[in-house]
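Take a look at the structure below.
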Amino acid sequence: MGKNSGHRTKGTGKSRRETVLRNVPKHSFSLAGLLRKPEFLRTCFIVFTFLVVVSTLATWSKEQIMVQDGQIATDTRITRLDFTIEDFAATEANRVKARKSSPRIYIVNSSFIGIIEASLMGLPTAVAGKTVLGDVTPELIEQFQLSAESLAALQGMSRDGEATNSWKVSVSSLVRDLQRRTPLLTSEEFQVFTTTSATNKALFQGAGKFLRPYQAEAVALPANLGDDPDPRIAEIINRSGFPESVVPQIVSRLISDTQASIQLDLEDTQARAAAAVDLVESVVKVHNQGDPIWRRGDEITASQYEEALLEQVQFWKSASFGQRWFPRIGSLGLLAMLSIFIGAYTTVTTPRIAKNPFRLFALCSLMSMMLGLSVFVSLKAPVFIYAAAIVPTLLAVTIACLAYGQRMGMFIAFMQCAMVTMALSQPIGWFVLLIAGCGMMIGQLKEVRQRQTLIKGSAITAAIFTLGSLFLGLSEVPDLSIAWQQVLSNALVAGASALSVGFFVLGILPSIERIFDITTGMTLADLRDPRNPLIRQLQQLAPGTFNHSRQVADIAETATEAIGGDSLLAYVGGLFHDIGKMNKPEYFVENQSGFNRHHDLKPSMSLLIIIGHVKDGIELAKEHDLPREIIHFIESHHGTSLVEYFYHAAMKESKETGEPINKTQFRYPGPRPKTKEAAVLMISDAVESASRAMPDPNPARIEALVRELSRKRLLDHQYDDCGLTFKDLARIEDAIITRLNSIYHTRIEYPKTEDVEDEIKADEELAS
């Protein structure tokens with residue numbers, strides 16, 4: 001018998017081990033099993049589409065020139081083919097030279113010269129015989145500023161009423177000088193005339209003849225009539241042979257009309273300048289394949305930038321089919337392989353993303369938009385390339401981390417940083433900088449329960465980006481002495497960009513929660529506030545349920561911490577899980593004061609009221625816009641468990657009436673818990689209700705109660721959808737036992753009553 005007993009024990013142990021192993025989740029990778037999952041194929045397709053978009057964007061971006069003139073080049077750019085380019089600067093310099101070498105064409109002011117010549121020739125005749133100044137016409141007196149002394153001097157310049165020959169010779173000499181040797185010019189034109197070389201001046205003499213070079217000593221007319229004339233005007237008149245006594249009168253006549261003796265022929269001058277410019281041939285600069293457009297450390301000029309643009313256009317015009325499409329085909333093949341890897345990783349590690357196409361699409365769209373933003377800003381403003389790379393990348397990573405946790409955030413960080421580095425055609429140092437900064441931000445976002453967490457995280461990340469950008473600049477720039485301003489400004493821009501992300505995310509956090517259907521720690525912290533309107537309403541209408549919910553929340557928080565779950569989420573879920581009891585608080589034992597309303601009701605009617613608190617709670621939660629995660633606690637805290645007390649009561653009634661009872665009708669509608677936190681709440685709720693009704697809650701009884709209720713739900717398959725392991729379940733039980741012992745360690749033993757087990761079971765059902 002002993003032998004048989006030993007054999008049975010061995011067999012029983014083996015059977016137990018096999019049962020345990022069958023229930024332990026399998027973590028081995030099976031490609032066949034993976035291929036059978038529809039979410040895997042769907043994920044691969046969405047990811048592949050996303051990567052094709054990214055590849056197209058990155059390929060196009062790599063073909064662009066993300067620099068601008070004035071920047072210090074961090075790499076050498078060489079030509080990929082032979083091509084020629086017009087040297088616009090040299091050509092323009094030659095055109096300017098041709099324009100300046102084109103002569104300024106002057107013409108004689110014939111009308112003025114004619115008037116002056118006629119006026120001077122006729123002056124002796126006009127004053128002949130006039131012995132008194134009053135006999136002379138006022139006009140003549142004004143023009144020549146005649147006086148009695150000058151009138152007398154002029155009397156000797158005529159014979160028989162005609163000007164003397166010497167006077168005529170002097171007038172002719174003066175007229176010639178005013179046209180060639182010493183022209184009179186306006187003050188404006190005088191400045192240009194005197195600063196222009198003789199070879200660039202010409203005097204038109206008629207019949208297509210020009211005096212060139214035009215060597216003349218011009219004299220400026222007074223700017224105003226009242227100004228003193230240039231003394232050289234008198235010198236010109238003296239040189240022409242006029243008597244000294246009449247020189248002032250001739251000077252007065254020359255300046256009385258303020259007209260120049262020669263004028264600029266603007267139309268002819270411009271036409272000749274244009275013709276000279278047109279004759280200038282374009283300067284062509286030849287580039288051979290392999291020649292550098294600019295070298296590392298050079299300050300990029302506008303002409304070099306234009307050369308790079310033209311080289312790019314010429315290259316793609318002459319590119320063959322293979323040069324155009326083979327790289328793209330290869331990229332698509334690699335992307336297809338990468339899609340399979342990402343699809344498998346997402347399906348295995350984050351099934352909640354893989355099973356929800358909208359979440360996956362939203363995540364892929366976010367990454368695509370952020371990459372597009374990086375490329376767009378880099379192209380439009382290359383000087384802000386650090387900001388263009390950091391802000392969108394860090395924003396995508398932060399949102400992914402808040403939505404799906406640190407592990408997924410780090411995965412997205414590696415992908416986004418790699419894509420940005422490649423799309424912007426930057427060296428590996430950029431990837432190191434981006435991944436270091438993103439990793440620091442992710443490390444700060446384990447639990448975001450306060451707004452200061454985001455700001456603090458972004459500040460620390462900003463310091464990392466600032467320091468990293470300095471190191472990156474030192475490694476890229478060959479000569480710090482000429483580029484220290486660029487390195488310093490890039491570092492400051494990088495730090496400011498990282499800091500701005502925290503404030504921006506803080507502002508759009510509600511939108512992030514709605515788009516990705518998530519609940520952040522800050523939202524949970526707000527819901528935990530006892531001043532929450534719904535919690536205050538529960539406290540007022542159902543004080544017993546409120547105290548029960550607080551106890552359940554405390555127990556759930558402790559147990560969730562034991563398995564490394566989201567304890568804050570579990571606590572908030574515990575606070576709100578029974579809000580549906582507010583509609584009929586008097587039908588639940590924790591709110592009753594001596595009289596049980598269910599004594600007067602049939603079990604079926606009591607069942608509707610008890611089960612109805614779940615539906616009522618869901619409606620209240622939706623009415624108050626509670627997050628989806630909290631609603632799941634409300635709908636799943638009983639799962640599909642049996643309402644045992646009223647089921648047994650109905651069975652007793654059935655024996656008397658003979659009516660059949662359907663056990664399914666006495667189960668909660670579900671669903672069963674889909675998260676570990678929800679499963680912890682289910683256990684905590686049942687244990688707290690039962691422990692309150694337990695007489696003499698000593699440690700032994702508490703432990704027995706906890707393990708019994710936990711295993712009852714295990715055998716009832718309530719944990720099948722939440723991913724709990726046996727190790728998790730053991731830790732949960734131990735944590736709850738410890739917590740209940742700390743609550744009940746001072747309780748005295750209450751006297752036992754008859755049918756205590758039925759009372760405990762009834763109170764458990766009514767309280768739950």
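The values are calculated or read from the model by the stated rules, or taken from the named source; none is laboratory data. All figures in this text were calculated on a predicted structure; none of them were measured in a lab. Cβ placement follows ideal geometry from the backbone for every residue including glycine, while neighbour counts extend to all protein chains displayed.
Summary table below
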{"item": "Some residue of the range 241-260 being part of a strand (DSSP E or B) and either small (G, A, S) or farther than 30 Å from Q312 by Cα (or both)", "result": "no"}
{"item": "Residue list for the range 710-737, filter: under 17 Å from A562 (Cβ atoms) and outside any helix (DSSP H, G or I)", "result": "Y719, C722, G723, L724, T725"}
{"item": "Criterion (under 21 Å from M370 (Cα atoms), crowded, with 20+ Cβ neighbours inside 10 Å and in contact with a Ser or Thr (Cβ under 9 Å, 6 or more places away or on another chain)) met by exactly one of G473, G429, G495", "result": "G495"}
{"item": "Filtered residue count, the range 653-662, keeping only those that are assigned to a helix (DSSP H, G or I) and either of a type in the set (G, A, S) or under 19 Å from I609 (Cβ atoms) (or both)", "result": "2"}
{"item": "Selection count, the range 524-552, where residues are surrounded by fewer than 24 Cβ atoms within 10 Å (Cβ to Cβ), closer than 27 Å to N741 by Cβ and in contact (Cβ under 8 Å) with a residue 60 or more places away in the chain", "result": "1"}
{"item": "Residue in the range 568-605 that is farthest from G405 (Cα to Cα), counting only those that are assigned to a helix (DSSP H, G or I) and free of Cβ contacts under 8 Å to residues at least 12 places away in the same chain", "result": "D600"}
{"item": "Unique residue being at negative phi, in the same structural domain as S158 (by TED's automatic domain parsing), among the basic types (K, R) and buried (at least 19 other Cβ atoms within 10 Å of the Cβ) when the list is K209, K201", "result": "K201"}
{"item": "Filtered residue count, the range 451-467, keeping only those that are free of Cβ contacts under 8 Å to residues at least 60 places away in the same chain and either among the basic types (K, R) or in contact with an Asp or Glu (Cβ under 7 Å, 6 or more places away or on another chain) (or both)", "result": "1"}
{"item": "Unmet requirement for R707, which otherwise passes all of (1) of a type outside the set (A, V, I, L, M); (2) assigned to a helix (DSSP H, G or I); (3) crowded, with 20+ Cβ neighbours inside 10 Å", "result": "(3)"}
{"item": "The range 115-137 residues that are more than 16 Å from A153 (Cα to Cα), paired with ones that are crowded, with 16+ Cβ neighbours inside 10 Å (beta carbon under 6 Å, 6 or more apart)", "result": "E117/V175"}
{"item": "Selection within the range 602-640 - out of contact with any Pro (no Cβ under 6 Å at 6 or more places or on another chain), crowded, with 20+ Cβ neighbours inside 10 Å and hydroxyl-bearing (S, T, Y)", "result": "S606"}
{"item": "Spans of helices (runs of 4 or more DSSP H) in the range 121-231 with at least 2 residues within 25 Å of G241 (Cα to Cα)", "result": "138-144, 148-155, 165-176"}
{"item": "Restricting the range 663-686 to residues that are farther than 18 Å from K615 by Cβ and among the β-branched types (V, I, T), the residue that is surrounded by the fewest Cβ atoms within 10 Å (Cβ to Cβ)", "result": "T675"}
{"item": "Among (1) in contact (Cβ under 8 Å) with a residue 12 or more places away in the chain; (2) surrounded by 13 or more Cβ atoms within 10 Å (Cβ to Cβ) - the single one A148 does not satisfy", "result": "(2)"}
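Let's see how each residue does on (1) outside any helix (DSSP H, G or I); (2) modelled with pLDDT under 70; (3) loosely packed, with under 13 Cβ neighbours inside 10 Å:
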{"site": "F29", "(1), (2), (3)": "yes, yes, yes"}
{"site": "C44", "(1), (2), (3)": "no, no, no"}
{"site": "F48", "(1), (2), (3)": "no, no, no"}
{"site": "S55", "(1), (2), (3)": "no, no, no"}
{"site": "L81", "(1), (2), (3)": "yes, no, no"}
